[in-house]
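Student: This structure is in structure tokens; I'll ask about it shortly.
Throughout, read-outs are computed from the coordinates displayed, never taken from laboratory work. For clarity, every value in this text was computed on a predicted model and none was experimentally measured. Glycine also receives a Cβ, built like all others from the backbone with ideal geometry; neighbour counts cover every protein chain displayed.
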Amino acid sequence: MSNRKSMFQKIHIAKKDLGLSDDDYRFTLETVTGRNSCADMSDRQLAKILDHFKSKGWKPKKRKKSKHAEVRMVYALWWDLFDSGKLDCAKSQVRSALQKFVQNLTGIDNPEWLQGPDASAVIEALKAMKKREKKL
């Protein structure tokens, strides 16, 4: 994502978080930069708006690299193995088969709880399984 697009998104999130009406928002843009639309602003002006919102108490939320991305990857790889016919189980058993696989590999009872090195180990194992020719 471009830096400019990211700044647009942050500005609109700040507007919402600060509870600004559209009129108040446009007035703020005009007062701070002389322009009433972000599309007409330079990168420097966009940064100035963000700084203004921060001075008014807005705090950008840190984006977490959540375990959810890793967990989604595990599920995606597992379903890909199933769809390609490399798993020897019925569709109704796919989730329980993944659960058993994860538990055997990491000792963790539920794929939803995977994170860090355990999630990486499962992902790498699934990638290796995907490369194999034979059915599992």
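Student: Based on the Cβ-Cβ distance of residue 100 and residue 6, what FRET efficiency does E = 1/(1 + (r/R0)^6) give at R0 = 41 Å, to the nearest 0.05?
Tutor: 0.50
Student: Return the ratio Rg/(2.2 N^0.38 Å) for the chain, where Rg is computed over Cα atoms only.
Tutor: 1.65
Student: Where a Cα-Cα gap under 20 Å defines reach, which aspartates and glutamates qualify for residue 16, not counting those fewer than 8 residues away within the same chain?
Tutor: List returned: 24, 30, 51.
Student: Order of 89, 38 from fewest to most other C-beta atoms within 10 Å?
Tutor: Going from sparsest to densest Cβ surroundings: 89, 38.
Student: My understanding is that a pair violates if its Cα-Cα distance is over 19 Å; which of 91/131; 62/127; 5/61 do that in this structure?
Tutor: Going by Cα-Cα distance, 91/131; 62/127 fall outside the 19 Å limit.
Student: Please identify, among 114, 77, 18, the residue showing maximal mean-square fluctuation in a Gaussian network model of the chain using a 10 angstrom Cα cutoff.
Tutor: Greatest mean-square fluctuation among the candidates belongs to 18.
Student: Averaged over all directions, how much area does the convex hull of the C-alpha atoms of the stretch 67-131 cover when projected, in nm²?
Tutor: If I average the Cα hull's projected area over directions, I get 3.8 nm².
Student: Name the trypsin sites (Lys or Arg not before Pro) in the stretch 43-136 that are in a loop by DSSP and that have at most 16 other C-beta atoms within 10 Å, would you?
Tutor: Sites meeting the loop and neighbour criteria: 56, 61, 62, 63, 64, 65, 86, 132, 134, 135.
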